[in-house]
Amino acid sequence: MENKESSECLVKEQEKCIEDLKQQKAALEQALHAAEETNRAKSRFLSNMSHDIRTPMNAIVGMTSIALAHIDEKARVQDCLGKIQTAASHLMSLVNDVLDMSRIDSGRITLNEEVFSLADLIHDISVIVRSQASQKNQELKIEIGRIEEENLLGDPLHLRQILVNIIGNAVKYTQKEGKIQVRFAQHFMAPEEMAEAAPQKVWLDFWCEDNGMGMSQEFLERIFVPFERVHNEKTSKIEGTGLGMSIVKNLVDRMEGQIQVESEEDRGSCFTIQIPMATAPQEESGMHLPEGASVLIAEKRKERAGQMARYLRESGLVPIKMENGAQVVTWLTEAQYEGHMPCAMLVGEELEDMPVLNLASHVRQLAGREFPILLVSEADWVQMEYRATRAGINAFVPCPLFKSRLLGTLAGFTGGGCDEETRGAGDQDYSRRRILLVEDNELNQEIAVELLSIIGVQVEVASDGAQAVEKFENSLVGYYDMILMDIHMPVMDGHEASRRIRCMERPDAASVWIVAMTADAFVEDVRQAKEAGMNEHISKPVEPGRLQEILYQQFK
């Protein structure tokens, strides 16, 4: 009996061992299959990268040669420079994707936590993607739904990267004159979704839908795998690394968010993202609006007019909506005669009977120079600013339309709290400003000096951190208005130079603005710069717009 039981136990152990071996074999086969797939994907990636990097490099080298050969032909050189700039921008995006993926894989990516404005973030995204869509004559609509909190706590840099990547792909993989619809909204987290005693959080909801080429169900299963790209005749001429969606997925996961994709070939795609964001305390706006005063809204599109009216009513103002330009002029004529003029007029993008700038011109002649006329539009203000101001427009409120932007701008003309961003940031006089440029590379020195000289700034140069410390120490108090500081330099780096300047016993040592201007462009680099005493950070290659934004921010 004992032998029989012993034999049965032995058989069971053997069966268990065989089962374990089968499971181990299956796991090894699965791991081998995954490794082979990864190697094939990396091989495809290297092949794609070789092609994709050489393409813009070829454009840069070729257009440089053409420009040099036609150096006396201004129009030809200008055309070449524009194409060189486009190719260089694309090359930079390729490099950034590879570096970002490398940092994610190695676990070195760090999420920052800072207070930021959702309105500013969406406006920046809109500026970036609209220019891409306009090149393909696409209809790009960016709308906002219910927004509970505009000031949030999180990582705006990586959040912008996620959203620009999604919308950029929609533009890239949608045909000319196609349609792309983007929508942002928020809703408060339910109590059960948050930890006890945690600060209030909201879900940031994002949708991006297009009618482009779409994706097969088979590819959707691999869309977030690194180096994967759709390969067919339609996508063969579209540049990319196959890393964008993998980076997006990793960042969304790191932010504890969710992402979903629905797509059908030749029908388009829809991306849905939800990311939890902590709310930040609302700053005192200092806005003073004339409670009970009327504001005239001239806009044919009912949804936009309704949105403006809702924001005004919530702030104690009385909206008066009209869709017809002639009706606006008639009503204002009567209001002026009877002495009950509105405190301002908001002009939208469409009217039933005339262009909006024509209406603005009529109203300006009728109501005089002091009557505020604000343009609320998705248009590119830079392109239309000259025509709009000539027509009598006082200020521009960009869309998607946020309540803070509309009321802040309106307050500037009806009692205080003007949004400075809407008023001539480019009209500043910097001729009395002196900047110390700390840069060891002669070519980078030349570029920075030229960019600053174009807008009238006086520039002095130091070739390393030690020279910068010496120049600042030996200068009169207040002599330098700003220091642009490289990080990696011989003798003394930018971090140490900044710390030494901050420790000096002189009145301007703590207050002078020090701005990092460096090729160190990751979130950790920004944090290290601020820990060393720097106020702001500009990454290389330097964008003139970003440089002027910093100058305006400090000197306005």
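The values are calculated or read from the model by the stated rules, or taken from the named source; none is laboratory data. Keep in mind that what you see is a predicted model, and the values were worked out from it rather than measured. Here Cβ is always computed from backbone atoms with ideal geometry, including for glycine, and neighbour counts include all displayed protein chains. Protein only, heavy atoms only, side chains kept; ligands, DNA and RNA dropped before computing areas. Shrake-Rupley method; radii C 1.70, N 1.55, O 1.52, S 1.80 Å.
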- Query: With every protein chain present, what accessible area does MET63 have (1.4 Å probe, heavy atoms only), rounded to the nearest 10 Å²?
  - Reply: 40 Å²
- Pairs LYS201/LYS540; LYS201/LYS249; LYS83/LYS540; LYS22/LYS249; LYS176/LYS403: which exceed 23 Å Cα-Cα? LYS201/LYS540; LYS22/LYS249; LYS176/LYS403
- Message: Using protein chains only and a probe of 1.4 angstrom, how many square angstrom of HIS33 are accessible, to the nearest 10?
- Response: 110 Å²
- Check GLU148: other-chain or 5+ apart residues with amide H under 5 Å from its amide H, H built from backbone geometry? GLN186
- Note on the structure: Phi-derived 3J(HN,Hα) across region 299-313 with the Karplus relation (6.51, -1.76, 1.60, θ = phi - 60°), rounded Hz, x for Gly and Pro, is 7, 6, 6, 5, 5, 5, 4, x, 5, 4, 4, 5, 4, 5, 4
- Task: Please work out, to two decimal places, the log10 of the ratio I(q)/I(0) at q = 0.12, 0.15, 0.18, 0.21 Å⁻¹ from a Debye calculation in which every Cα of region 430-556 carries one identical scatterer.
- Result: -0.38, -0.61, -0.92, -1.31
- Item | Estimated FRET transfer efficiency (GLU524, ARG267; beta-carbon r; R0 41 Å; 0.05) | 0.50
- Message: Give me a comma-separated list of calculated 3J(HN,Hα) values for region 475-491, in order, Karplus coefficients 6.51, -1.76, 1.60 applied at θ = phi - 60°, integers in Hz, x for any Gly or Pro.
- Response: 8, 5, 4, x, 5, 9, 8, 7, 10, 9, 10, 5, 9, 8, 9, x, 6
- Determine ³J(HN,Hα), in whole Hz, for all residues of region 200-214 in sequence, where each value follows from phi through the Karplus function 6.51 cos²θ - 1.76 cosθ + 1.60 and θ = phi - 60°; x replaces Gly and Pro. 4, 10, 10, 8, 8, 9, 9, 10, 9, 10, 9, 10, x, 6, x
- Message: Test of understanding: what is the full-extension gain from GLU338 to MET504, defined as 0.36 nm times their sequence separation minus their Cα-Cα distance?
- Response: 53.2 nm
- Task: Starting from the Kirkwood radius over alpha-carbon pairs of region 486-556, derive D by Stokes-Einstein at 20 °C in a medium of 1.002 mPa s and give it in µm² s⁻¹.
- Result: 169 µm²/s
- Query: Using the alpha-carbon centroid of each, what span in Å lies between region 496-556 and region 355-371?
  - Reply: 43 Å
- Under Stokes-Einstein, region 110-204 at 4 °C and 1.567 mPa s, with its Kirkwood radius over C-alpha pairs, diffuses with a coefficient in µm²/s of 87 µm²/s
- Query: Give me the log10 of I(q) over I(0) for region 260-338 at q = 0.16, 0.20 Å⁻¹, as the Debye formula computes it from C-alpha points; what are the numbers?
  - Reply: -0.82, -0.97
- Compute the label zone of GLU473 within region 498-512: residues whose backbone N is under 17 Å from the point 7 Å along Cα-to-Cβ. 498-510
- Would you please give the residues with an amide H less than 5 Å from that of VAL459, counting only those at least 5 places away or on a separate chain, with H modeled from the backbone geometry? ILE435
- Of LYS302, LYS403, which has the most accessible area with a 1.4 Å probe, and how do the rest follow in descending order? LYS302, LYS403
- Message: For ALA395, what residues show an amide H to amide H distance below 5 Å, using hydrogens built from the backbone and excluding near sequence neighbours?
- Response: ILE373, LEU375
- Message: Tell me whether region 328-422 comes out rounded, prolate or oblate; compute the Cα gyration tensor, take square roots of the eigenvalues as a ≥ b ≥ c, and use a/c under 1.5 as the rounded threshold.
- Response: oblate
